[in-house]
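Dropping a structure here in structure tokens format, bear with me for questions.
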Amino acid sequence: MHKFAHLLAMGITLMALTAGAQPVGSVATPVVDNAPLKALAVQGVQSRQKLAQVINDTLFSYGELAFQEVESSRYLTALLEEHGFSVQRGVAGMPTAWVARWGQGKPVIALGSDIDALPRASQKPGVAYREPLVADAPGHGEGHNSGQAVNIVAALALKDLMQREKLPGTLLLWPGVAEELLAGKPFMVRDGVFNGVDVVLYNHVSNNLRTTWGQADGTGMLSVEYTFTGRSAHSALLPWRGRSALDAVELMNVGWNYRREHLRPEQRSHYVISNGGDQPNVVPDTASVW
Ligand SMILES: [Zn+2]
């Protein structure tokens, strides 16, 4: 629960700082004692332990792939509406993307976290060995079931405090849709979802309680699938008539693997053959590498 408390403390600090800010040249900024508010924030989080676990487990049970986060989004938006948030669905052209808002005016604090699962990562919860719940089904192998629990509990605790202290401000909750396909966030930025937002607090499960700010330390990413076309033929009877698209994919991979030697150390490159043909006795006329 410390992580929740930390996130909240950041939010509360920000609110207090903003509320206490003075224009340049005016009288000295009064010292704001945040300790009582922080204690209340921690209490607001602790009292929602059960809710945090329920959200966590519910999202884990859905384990939906990128762009298919249908039940997850339905559940989260309904929960937020129950707590007085107004929800806009299908934002940025993505059916499973949404924005939930509560409050008014500045500062606008956006709380985000990813919600999509990974292919074939279905896993029985609570055991430290590999055991799928459903063989070959998707699952939350990267912990994307946990972040929204953190955000919602933090937002509800903060909302209570804002109401109690009559603090102005808007809470804006949003999901990282299709993070595993590097897809959702750029569309949301492009469509202006974050226009007017003062700060984005974003959380992701990890093996520690690290906090960073500013420029992220991950690598910028690009996702491309290359499809080659050739000419099909019967592999045994008339192979000379064929032009294998799979050969093109393999030649491209070999070439790129030589190129890899000369990449800068911070650069990474990965691939899978997403289409290598249908069966060996047919020369593939299309093949793709992603
Ligand atoms: Zn992730």
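FYI, it's all coordinate maths here, none of it is from the lab. Keep in mind it's a predicted model, so treat the numbers as computed, not measured. A quick note on method: Cβ atoms are made from the backbone with ideal geometry, for glycine too, and the neighbour counts reach across all protein chains shown.
Rounding to the nearest 10 and keeping the result within 0 to 90°, find how far the Cα-based axis of helix 49-62 lies from the longest principal axis of the chain.
Orientation of helix 49-62: about 20 degrees from the principal axis.
Just to be sure I understand: if I project the alpha-carbon convex hull of segment 226-289 onto a plane and average over all orientations, what area do I get in nm²?
With the hull built on Cα positions only, its mean projection is 4.5 nm².
With a 10 Å Cβ neighbour count serving as the proxy for reagent exposure, in which order, fewest first, do M221, M252, M162 appear?
Values: M221 7, M252 15, M162 21.
Fewest-to-most Cβ neighbours within 10 Å comes out as M221, M252, M162.
Let me ask another. Find how much the distance from V205 to L51 grows on full extension, using 0.36 nm per residue of separation minus their present alpha carbon separation; answer in nm with one decimal.
53.7 nm
Which of the GluC sites (Glu not before Pro) across segment 225-272 are loop residues per DSSP, with 10 or fewer other Cβ within 10 Å?
Counting only loop positions with at most 10 other Cβ atoms within 10 Å, the GluC sites (Glu not before Pro) in segment 225-272 are E266.
A follow-up question, please. Any idea how far apart R264 and A137 come out in nm if each label point goes 7 Å out from Cα toward Cβ?
My value for the distance between the label points is 4.4 nm.
Also, I was wondering about something else. Note the full-extension length gain between Y226 and V272 as 0.36 nm times their separation in residues minus their Cα-Cα distance, in nm to one decimal.
Between Y226 and V272, full extension yields 15.5 nm more.
Hey, which of these cross-link pairs are over 23 Å Cα-Cα: K38/K166; K38/K185; K124/K185; K106/K166; K38/K106; K50/K166?
Over 23 Å apart, Cα to Cα: K38/K185; K124/K185; K50/K166.
Assign unit charges at the C-beta atoms only (+1 for Lys and Arg, -1 for Asp and Glu), then state the dipole size of the chain relative to its Cα centre in Debye, rounded to the nearest 20.
Value, rounded to 20: 440 debye.
Could you compute how fast the chain diffuses translationally, taking Rh as the Kirkwood radius over C-alpha pairs and applying Stokes-Einstein at 4 °C with viscosity 1.567 mPa s? Give it in µm² per second.
In µm²/s, the coefficient rounds to 59.
Can you give the extra length, in nm with one decimal, that the chain gains between N253 and A35 once fully stretched, where that is 0.36 nm per residue apart less the Cα-Cα distance? All intermediate terms of the calculation are to be shown ahead of the outcome.
Values: separation 218, 0.36 × 218 = 78.48 nm, distance 5.77 nm.
Result: 72.7 nm gained on full extension.
Sticking with this one: If amide hydrogens are placed 1.01 Å from N in the peptide plane, which non-local residues have theirs closer than 5 Å to the one on L65?
A117
Moving on. Based on DSSP H runs of at least 4 residues, each adding -39500 (n - 2.57), what is the mean residue ellipticity at 222 nm of the chain after dividing by all its residues, to the nearest 500 deg cm²/dmol?
Numbers: 7 runs with 99 residues, N = 290.
Computed ellipticity for the chain at 222 nm equals -11000 deg cm²/dmol.
Here's another thing I want to ask about it. Have a look at T227, V249, P265 and report the one farthest towards the positive end of the charge dipole of segment 226-289, computed about the Cα centre with Cβ charges (Lys/Arg +1, Asp/Glu -1).
P265
Between segment 35-69 and segment 127-181, how many Å separate their Cα centres?
Distance between centres, Cα-based: 6 Å.
Among DSSP bridges having both ends in the chain, what percentage is antiparallel? Round to the nearest 5. Intermediate values should be presented prior to the final figure.
Working: 18 of 30 bridges.
Of all bridge pairs located within the chain, approximately 60 percent are antiparallel.
Follow-up. Could you please rank R243, R264, placing first whichever residue has the fewest other Cβ atoms within 10 Å of its Cβ?
Ordered from fewest to most neighbouring Cβ atoms within 10 Å, R243, R264 come out as R264, R243.
To test your reading of the geometry: what angle, between 0 and 90 degrees and rounded to tens, separates the Cα axis of helix 147-165 from the longest principal axis of the chain?
For 147-165 against the chain, the angle is about 20 degrees.
Grab the other residues whose beta carbon is less than 11 angstrom from that of P132, score K and R as +1, D and E as -1, and report the net.
Charge balance near P132 sits at +1.
Which angle between 0 and 90 degrees, to the nearest 10, do you get for helix 245-259 versus the longest principal axis of the chain when only C-alpha atoms count?
Once rounded, the angle reads 60 degrees.
Right, next: Residues of segment 251-282 with backbone nitrogen within less than 16 Å of a virtual label 7 Å along the Cα-to-Cβ line of A236, please, listed as ranges.
What the label zone holds, given the 16 Å backbone N cut-off, is 279-282.
Something else: Where does each of L51, L79 land when they are ranked from fewest to most other beta-carbon atoms within 10 angstrom?
So the residues, fewest neighbours to most, are L51, L79.
Over the Cα atoms of segment 200-248, compute the convex hull volume and normalise it per residue, giving Å³.
Each residue corresponds to 160 Å³ of Cα convex hull volume.
Taking the convex hull of the Cα atoms, report for segment 94-232 its projected area averaged over all directions, in nm². Provide the component values of the computation, followed by the final result.
Numbers: hull surface 51.2 nm².
Spelled out: convex hull of the Cα atoms, projected over all directions, averaged, 12.8 nm².
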